[in-house]
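Below is one structure, written out as structure tokens; comments come after it.
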Amino acid sequence: MAGGDQPVRKVTIVGGGTAGWMTAAVLSQWLSQVEIKLVESEEIGTVGVGEATIPHIRNYLPLAGVDPLKMIHATKATFKLGIQFVDWGAPGESYFHGFGNIGRDMLWLHAHQLWLAANERAPGSVKHFDNYSIAAAAALRNRFDYPDKRNPNSPLADFEYAYNFDASLFARFLRAESEARGVQRIEGRVVEVLKDGQSGFVSGVRLQDGRELAGDLFVDCSGMRALLIGDTLGVGYEHWNKWLICDRALAVPCESVSPVTPYVRCTTRSAGWQWRIPLQHRIGNGYVYSSNLLSDDEAAETLLGNLDGTPLADARPVRFAPGRRLKAWDKNVVSIGLSSGFLEPLESTSIHLIQTGIQKLLALFPATGFSQPDIDEYNRQARFEFEDVRDFIIAHYNVTRRSGEPFWDYVRMMDVPDSLKERYELFASSGRFFKRAAAELFAENSWVQVLLGQGFQARPDPVAQFVPTEEIVSFLEDVADTIADVAEELPDHADFVSRLPTSTPGAQQGPSAALMHNLAEVHRE
């Protein structure tokens, strides 16, 4: 290895797909003096089923120097305002987890605390909770527009959105952007990982044709194979299958139908759940399930029997193990993507965890001495992020009144992590929710929509008793009416997408002040 104070000059990314090319795009945008090589094999392919994102993806695009309009055009993207959950709390029920704020506050009481108080005192006096989210109201009307900050009192001022896109097209798009900045793509299959006998660091990889690729820093984007971090360095894996019992997915695209909805739909099935993700040119579908409770053939029959359009390909199986790598960074290898862990796609967090892995790498980019405190900090943050998202996903399964099916009976009765129990207890006692750390991904609005949407029983904030019932009901009615009026005036989602230009005029290609601000916010996100 080179001297400890020398800068890293060579980065070798092992594996392409979404994780590899997202990493290459950011590093090539910021580290033009570093030689970046990415090796991938067309023979191996990628998982590539993750098509939905969350609003944080809009931070990634400028960090990668990407024009959003160009990305939308290249990846056949649509807009996403949230997720509709069907039959999760109980059969026949649905609710919406929308992005952005919910309603308005009264004093320091949030909309959900007022809603809980009204329901407790005068059941049936207020509307379904979906009506207090501008994202839900717009999405369920199939409408969309960009946020409008000009009127801070308008629901549109706090509008949040993400994208649904074709993951394989997204990787191809980022590859073109990266190669234009000098990233070298090398086609080949890695057959051997070379290690330094003294330090144990990875010194290179050997390809099937005998070529060897060296590097100072290696980024393991080899997917669930975890070729470098797992197979070579022996970093173990913490399994979470006692809480997240799904271990398989079948994915299949189908023909598009109208309307093109600006949201994802997740519908429960007997041994898991089915996703529906609309793109411009097709709909992505999949069934996530437990192979211990359902055969692959049964899953395929259920999935294919619940499509909105004609299948465009055979159902593709994906096997996975929910959990995380015990260390995401070891020695001179950083794992990003599935090699660092996997959480099922229920809340569209896979691409986000790739994104935060890249941001942490950029913020803690090493010298060739590979400072252990920096590595430890990277691993601490990675562990926190995975466990934070894990608890949120577990809550979707655990807070349910479904019964009579082995899958749902198990998840309803299972013992959950202490960190999740504490959230339950606080919310049940007073409808209160507090972020414990700035790095938490899902804010109060997300937890509130999911817990209340699934039927979690919570008492209202005690302060709400000082507000007369009729005042609360009138206030919430005004909020719901305002949101409905605004949502009705928005453009049709499909029409909005069809009218978008293919690029932003004069889009800046180099690092800008906005990008610098984004990088400064990495640890605070």
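Scanning the stretch 342-389 for residues that are at positive phi and in contact with a strand residue (DSSP E or B) (Cβ under 6 Å, 6 or more places away or on another chain) returns a single hit, SER348. In the stretch 235-249 there is at least one residue matching the filter, namely being assigned to a loop (DSSP other than H, G, I, E, B) and closer than 29 Å to LEU31 by Cα. Listed by first and then second residue, the pairs linking a residue in the stretch 157-180 that is free of Cβ contacts under 8 Å to residues at least 40 places away in the same chain to a residue that is of a type outside the set (D, E, K, R), with Cβ atoms under 7 Å apart and 6 or more places separating them unless they lie on different chains, are ALA157/PRO147; ALA157/ASN151. Put simply, of ILE36, ILE72, ILE54, ILE44 the only residue that is hydrophobic (A, V, I, L, M, F, W, C), in a strand (DSSP E or B) and either in the same structural domain as GLY20 (by TED's automatic domain parsing) or modelled with pLDDT under 95 (or both) is ILE36. For the stretch 136-172, a tally of residues being in a helix (DSSP H, G or I) and of a type outside the set (Ser, Thr, Tyr) returns 13. Does GLU422 satisfy the criteria of being surrounded by fewer than 13 Cβ atoms within 10 Å (Cβ to Cβ) and farther than 21 Å from GLY272 by Cα? Yes: the conditions hold for GLU422.
Of all residues in the stretch 75-103, exactly one satisfies the criterion of being part of a loop (DSSP other than H, G, I, E, B), of a type in the set (Phe, Trp, Tyr) and either closer than 20 Å to ILE283 by Cα or in contact with a helix residue (DSSP H, G or I) (Cβ under 6 Å, 6 or more places away or on another chain) (or both), namely PHE99.
Might you let me know whether the stretch 110-127 holds any residue that is outside the structural domain of ASN306 (by TED's automatic domain parsing), of a type in the set (A, V, I, L, M) and free of Cβ contacts under 8 Å to residues at least 12 places away in the same chain? No. Evaluated against (1) more than 12 Å from TRP115 (Cα to Cα); (2) surrounded by fewer than 19 Cβ atoms within 10 Å (Cβ to Cβ), THR469 falls short on exactly one condition, (1). With respect to being surrounded by fewer than 20 Cβ atoms within 10 Å (Cβ to Cβ), in contact (Cβ under 8 Å) with a residue 12 or more places away in the chain and out of contact with any Asp or Glu (no Cβ under 9 Å at 6 or more places or on another chain), TYR378 falls outside the description.
The values are calculated or read from the model by the stated rules, or taken from the named source; none is laboratory data. Quick caveat, the model's predicted, so the values are computed rather than measured. A quick note on method: Cβ atoms are made from the backbone with ideal geometry, for glycine too, and the neighbour counts reach across all protein chains shown.
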